[in-house]
Amino acid sequence: MLAGRLGLETARIPHADRHGLIWLSRGHLQVEAGTLHFLTAGSRELSAGDYQIPFQGVSMILLGPGSTISHDALRLLARHGTGMVAVGEDGVRLYSAPPLGAGDSALARRQAQLWASGSQERIAIARRMYAWRLGEVLPLKREIAILRGMEGARMKETYRLLAERFGIVWHGRHYDRQNPNAADAPNQAINHAATAVEAAATIAVAATGTIPALGFIHEDSANAFCLDIADLYRDEVTIPAAFQGVRDGQRQPQIALEQHVRRLCGQIFHRQGVIPAMIDRIKSLFEKEEPQAD
């Protein structure tokens, strides 16, 4: 008999009854006498010491820079259905993802159902995401391209206003995939911030067990849904972090722009609880909603 075929390997504590995430960095995760321990020399979150980790009560462990993990620890986490991902500082990069996702497939099934139901259902989800971002419900349209165009027009004004607020000279959004370093500093900074926010969104998608490729606004990317979620935070995280990074660089020319913008994003993630908020957004995105008049 294959392990897990009859549910024998399922987690003992359902994910619905667990806490969400636990962040660990600058230490070693190992097993002692059947218990998960984290030995750390100290970080911003934890003082130096030996900590017992209640791994059965959390859904996912985020292992940050300066950390190692033993094979036995990975075995124990897998046995109890606790996810583990390696991330950058404060979650600005994602280096690995759990293969099994969350313990319940309900969100993924709902996502797939809505994605495959036809353009009307997909447009409804896209409109909900745009409403969260823009603070208004866009008119009902049959083509996603029309909604993208409406959002793009509003974003031009958002860029202009935020550039003015941060004292940045702004000549518009320009990005050459073949030569990203050719862009001016504000555009490069936006690229760096967008990469960090996408990593945070990818963590949230992995934590909820939803399907990265099934996006409702983005379509072609294998991470289309991650990009959808990341875009929800473009106005409040991506652009402000990018423009602040450029402003700081103007005042302190020795600053490395990419590293500094990534650090600013991480500070915002930590201060505002961005990744847990993304997880909550994903859960609420697929809830049924009363129809609204247009």
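Remarks
- The numbered conditions (1) touching a helix residue (DSSP H, G or I) at 6+ places or on another chain (Cβ under 9 Å); (2) at pLDDT 90 or above are all true for Glu164 except (1).
- Scanning segment 34-48 for residues that are loosely packed, with under 13 Cβ neighbours inside 10 Å and under 17 Å from His270 (Cα atoms) yields a single hit, Arg44.
- Test: residue in segment 217-240 that is at positive phi, modelled with pLDDT under 95 and not aromatic (Phe, Trp, Tyr): no
- Within segment 206-232, the set of residues being assigned to a helix (DSSP H, G or I) and either under 21 Å from Ile123 (Cβ atoms) or not assigned by TED's automatic domain parsing to the domain that holds Tyr130 (or both) comprises Ala224, Phe225, Cys226, Leu227, Asp228, Ile229, Ala230, Asp231.
- Taking each residue of segment 152-165 that is hydroxyl-bearing (Ser, Thr, Tyr) and looking for partners that are loosely packed, with under 13 Cβ neighbours inside 10 Å with beta-carbon atoms closer than 6 Å, six or more apart or interchain, yields nothing.
- Tally of residues being closer than 23 Å to Arg281 by Cβ and surrounded by 13 or more Cβ atoms within 10 Å (Cβ to Cβ) across segment 133-158: 14
- Residue in segment 151-162 that is touching a Phe, Trp or Tyr at 6+ places or on another chain (Cβ under 8 Å), assigned by TED's automatic domain parsing to the domain that holds Glu236 and either farther than 24 Å from Ile268 by Cβ or of a type in the set (Gly, Ala, Ser) (or both) present: no
- Looking at Gln250, Gln244, just one residue is out of contact with any Gly (no Cβ under 7 Å at 6 or more places or on another chain), surrounded by 16 or more Cβ atoms within 10 Å (Cβ to Cβ) and either under 23 Å from Pro186 (Cα atoms) or in contact (Cβ under 8 Å) with a residue 24 or more places away in the chain (or both), and that residue is Gln244.
- Across segment 42-74, the number of residues qualifying as touching a residue at least 40 places away in the same chain (Cβ under 8 Å) and among the charged types (D, E, K, R) comes to 1.
- Taking the conditions (1) closer than 28 Å to Ala201 by Cα; (2) not in a loop (DSSP other than H, G, I, E, B) in turn, Leu39 satisfies each one other than (1).
- Members of segment 229-241 that are surrounded by fewer than 24 Cβ atoms within 10 Å (Cβ to Cβ), of a type outside the set (Lys, Arg) and under 14 Å from Ala201 (Cβ atoms): Asp231, Leu232, Glu236, Val237
The values are calculated or read from the model by the stated rules, or taken from the named source; none is laboratory data. None of the values given here were measured: they were computed from a predicted structure. For neighbour counting, all protein chains shown are included, and Cβ atoms are generated from backbone atoms with ideal geometry for every residue, glycine included.
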